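First comes the structure, then the notes that go with it.
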Amino acid sequence: MVGGTKIISRIHNATHNHNQTKDGETEVHHRPKRGWIWNQFFVLEEHIGPDAQYVGKLHSNSDKGDGSVRYILSGEGAGSIFIINEVTGDIHATKSLDREKKSHYVLHAQAINLNTNKPLEPESEFIIKVQDINDNAPKFPDGPFVTSVPEMSEVGTSVFQVTATDADDPTYGNSARVVYSILHGQPYFSVDPKSGIIRTALADMDREAREHYSVVIQAKDMAGQVGGLSGSTTVNITLTDVNDNPPKFPQKNYQVFVPESAQVGKPVGKMKASDEDIGINAEIKYSILNPEGAGMFSISTDKDTREGVITLRKPLNYEKKKHYSLHIAAENTHLDPHFTYLGSFKDDATLKITVGDVDEPPVFSMDYYIMEVYENTRVGTEVGAVTARDPDSKNSPVRYFIEQREDKAVYFDIESISGVIRTTQLLDREDTPWHNITVMATEEGGYQKALQVLDVNDNPPMINTEDEIIICESTRAGQVIQTITAVDKDDFANGKGFSFSFPGGIPANPNFTIKDNEDSTASIIARRRRFHRLTQELYELPVVVWDDGEPVLSSTSTLMLRVCSCQRGTRLKICQGEAFLSSAGLSTGALIAILLCVLILLGDKKEPLIISEEDIRENVVTYDDEGGGEEDTEAFDIIALRNPAAAEELKFRRDVRPECIRPWSSRRPARGRHSPSSLDIDEEMDIGEFIKQRVAEADQDTSVPPYDSLQTYAYEGQGSPAGSISSLGSAGAHSEVDYNSLDDWDPKFEKIAELYGEEVETASESTEKAESEKQT
C-alpha cells in the first residue's frame, strides 16, 4: 500500500522471436520487460486546502530516473482538473471535486522516450474515483405531508411513512445512513428510526377534543451520531371521525302547546338531539316509544337540520283529552361495532303536549230538518223545533235565529231559547209549495272567541343600556362591577335562557371581562385595580347576548361605564358632586384662600390670611419622596442645623429661588474625605434656640403666603447619655483611629491605606494652618 491507495502493476512479459538466418543459424531477439506502476483509485471530494491535492504517481520500469522519460496524461479532466508532472509522473487535482456531480474520471497515461520521442509503452487506461465525504444533509423532497388516521385508534397504528434522501455515497461509510426521530408531536405519535413509519403512541385520541396535529420528523445521517447532518419535514395529521359519541338530548323534558284545531298531517313541534360526531356518524333516527303517543303523532328526521319533526296523525279534541305524553328516542343509524363497549348509542326524552281549547260553534242534532204544515193555517202555528248544543266543555247555552234575506218575505219565526219555529203569515201551497229557511245557532254571548297567537322566536334578547354603570376609582382587580340581564319579547319557551359574551374577532379587553353566571345573568368584572376619572371617565363595553330559542337569536349592546369618586363607607355607587372648578385641579382649601384674598382686597384690610388651624391642615401638600440614605448627596445636610451661626449669615426669602447656594446644601464630601470647614462645627450650640428663631421669622414674614410655605421644625433635645450610631455626625468629628497600620496589611488593602492616609495628612495640614493663623 502506498499513500493509502492500491498499487496496480501492469507487467508485459518479454517475448522471444526466433528467426532463421541464411546460414541456418537461429537469431534470438530479447525484448526487455517493461511495466507501469501508479497510485490511483481515490481522491477526496470538497478539498479546500491551499495546495493541489495529490492523487497518485505514474511510473514506468523503463524510467531509470535520468530524466529521459516523459509522462503524458489525457482523458476526462486532464489538464484542467488533473495535472501531471511530466518528469516524476505525480498527478494532482487542482480543483475541488463534487462526487454528487461526477463520481469518477477515466484517464489515459503514456510514457514517451524523450530521446526518440517514441512511446515506451502502449497507452494505458485507469480510473480516478472521487471519495465521498458527508457534505449533504438528508432531504424530504415531497414534504410537507398531509395524512389522516381514525380517532380512537389503538397504540401502534400505522399512520404514514416518510422517506428522506441523502445525496452522499450509500456504499461508503455512514454518510448516507439515515435515522429518523420525532421532534414535535409527542406523546401522540412515534416514528420508527429505520423505516420512518409514523405510528400512534397514545390511546383513545378523541377527535372531538383535538382534531389536528402537526408532527415534525427529523432525518439525520451518520446513523444518528454526533456530527451528522439532519433535515426535517412536517406531517400534518388529521383525526378522522368514527361513531364514538351517542346522540344526546340537551334536556330530558320538553313541552309544547298544540291547539285542538291543528290540522292532521301538519307539524306541531320539533326536537333535536345533539351528536358530537360528524357526517354519517351523526345521522339520527327518531321514534315514539309509547303506543298512546305513536297512535296520535308521528316523528320523522329533517335531513338538513337533523331535527325530529312531530306531525299530527289524528284530530285532537280538547274535550276528550287535554294532555299527551310522548316518549321519544334518538339513536344513530350507522353503528360501529368497535365501540359498542362505550354503551348504548341511544338517548330518550319526554315530550308533553298540551291540547289547547278552541271555541267551537254549536252543533245541530241533524244536518237538515224536513217539516210539514197545512196551508192557510193561522198565524203563529207551530211548525217544528230544532236543537243544537255547545260541544265545548263549558257547554254554553245556545240561541237560535233565522237568517233573513232582504229579497224574500218572512213567513216563519223561531224562539231564540227553545228553537220552536212558528208561522208569521198565511201560507199558500199553490203559490209556494216549499220554503227553505236557514236556522243559525250561536252560543250565548254571540260570536266572541279568544284566539291565541302561537309564538315563534323572532325577537332577539336585548340588554338595557339606558342606565350608566358606575365604576368606583378604588375598584380592585377581580371585583364585580355590575350584574346584567336581558329582556326578550318572545314567549318564555323561546327566550327563557340567555348567554353572554364579548363580540368575537376583537382583541381582549384589558380593563374588563365578563362572566356568564349561567342563570340568564352575567357579571362585569374589573381586570385591573384603580380607575382614574381624570385619565378616562367613560368606557364603552360591547356585550353579545343570545337566547336558547329555535332559531337562536342574538344582539350586541354597548354598555356605558362611568368612572366616579364613590362615597366612602357605603356600598351605594353614587358619584360625589364635584366643585365647578374641580377640573382645574384646585382644592377646597385653595378656593377658600382665593376668596379670602378677594375679600381682603375689597375691604382694604390687612387681615391674616390664615383663619384657623384647620385651613393650614387642608393646604399641606405631601410629597411621598423617599430619600436615598447616606448615598443621597443631594439631600439637605443636617450639618446646617448644627452650625446655626453659619446659617444666620445668609438670610433670604423662602418663597423665591435663591441666587446663591447654601454652604450646607452643597454636595457632601465622600465618606472618609471630610472638608476642613466641616471639622470646625461647634457641637455645643443651642439648636432649640435656633429653631425658635426660625419659627418667629416665619410668623413675621408677610411677604410669603403662608399656605405655600408651611415649615415644620422638630428638635429632639440634647444630652442623651448614649452615643449616636448615625453617620450624620461623622463629618464633624476627628477620628482617633490610627490608619497608619493599614500599610502593614495585605496588598489587597493598599487602596484603602492610600485613601485614609490622604485623609490624615489633609486633617493635619488643616490643623497646623489654623494654629498658625491663630498665633498670627
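The values are calculated or read from the model by the stated rules, or taken from the named source; none is laboratory data. Every value quoted in this text rests on a predicted model; they were computed, and no experiment measured them. Every residue, glycine among them, receives a Cβ derived from its backbone with ideal geometry; neighbour counts consider all protein chains shown. Each accessible area value is taken on the protein alone, full model and side chains, heavy atoms only, with ligands, DNA and RNA left out. Shrake-Rupley method; radii C 1.70, N 1.55, O 1.52, S 1.80 Å.
Points worth noting:
- Residue that is open to solvent by 80 Å² or more (accessible area, probe 1.4 Å), farther than 30 Å from F401 by Cα, among the small types (G, A, S) and out of contact with any helix residue (DSSP H, G or I) (no Cβ under 6 Å at 6 or more places or on another chain), where the choices are S344, S325, S300: S344
- Restricting the stretch 347-380 to residues that are of a type in the set (A, V, I, L, M, F, W, C) and within 60 Å of the chain's Cα centre (by Cα), the residue that is surrounded by the most Cβ atoms within 10 Å (Cβ to Cβ): I353
- Within the stretch 89-121, the residues that satisfy the criterion of being in a loop (DSSP other than H, G, I, E, B) and in contact with a strand residue (DSSP E or B) (Cβ under 8 Å, 6 or more places away or on another chain) are G89, T94, L97, D98, R99, K102, S103, L114, K118, L120, E121.
- Filter pass, V146 being of a type in the set (A, V, I, L, M), over 28 Å from R199 (Cβ atoms) and in contact with a strand residue (DSSP E or B) (Cβ under 8 Å, 6 or more places away or on another chain): no
- Tabulated pairs, the stretch 202-213, first at positive phi, second surrounded by 11 or more Cβ atoms within 10 Å (Cβ to Cβ), C-beta under 8 angstrom, 6+ apart or interchain: D204/M152
- Answer residue from the stretch 505-533, given it is under 17 Å from the mean Cα position of the chain (by Cα) and touching a residue at least 40 places away in the same chain (Cβ under 8 Å) and is least open to solvent (accessible area, probe 1.4 Å) among those: F512
- Of all residues in the stretch 323-346, those that are more than 38 Å from the chain's Cα centre (by Cα) and among the hydrophobic types (A, V, I, L, M, F, W, C) total 3.
- Each residue in the stretch 271-284 was checked for being open to solvent by 40 Å² or more (accessible area, probe 1.4 Å) and in a strand (DSSP E or B), and 1 pass.
- Of V268, V264, all but one fail to be open to solvent by less than 80 Å² (accessible area, probe 1.4 Å), assigned to a strand (DSSP E or B) and modelled with pLDDT under 95; the exception is V268.
- Yes/no for N281 being of a type outside the set (D, E) and in contact with a His (Cβ under 8 Å, 6 or more places away or on another chain): yes
- S344 being outside the structural domain of V398 (by the TED database) and assigned to a loop (DSSP other than H, G, I, E, B): yes
- Among residues of the stretch 312-322, those that are crowded, with 18+ Cβ neighbours inside 10 Å and either within 47 Å of the chain's Cα centre (by Cα) or more than 13 Å from F297 (Cα to Cα) (or both), counted: 1
- Taking the stretch 22-41 as the range and being surrounded by fewer than 20 Cβ atoms within 10 Å (Cβ to Cβ) and either in a strand (DSSP E or B) or at pLDDT 50 or above (or both) as the test, the residues that pass are T26, E27, V28, H29, H30, R34, G35, I37, F41.
- Considering the stretch 523-554, the residues that are touching a helix residue (DSSP H, G or I) at 6+ places or on another chain (Cβ under 9 Å) and in a loop (DSSP other than H, G, I, E, B) include one that is farthest from E468 (Cα to Cα), namely E550.
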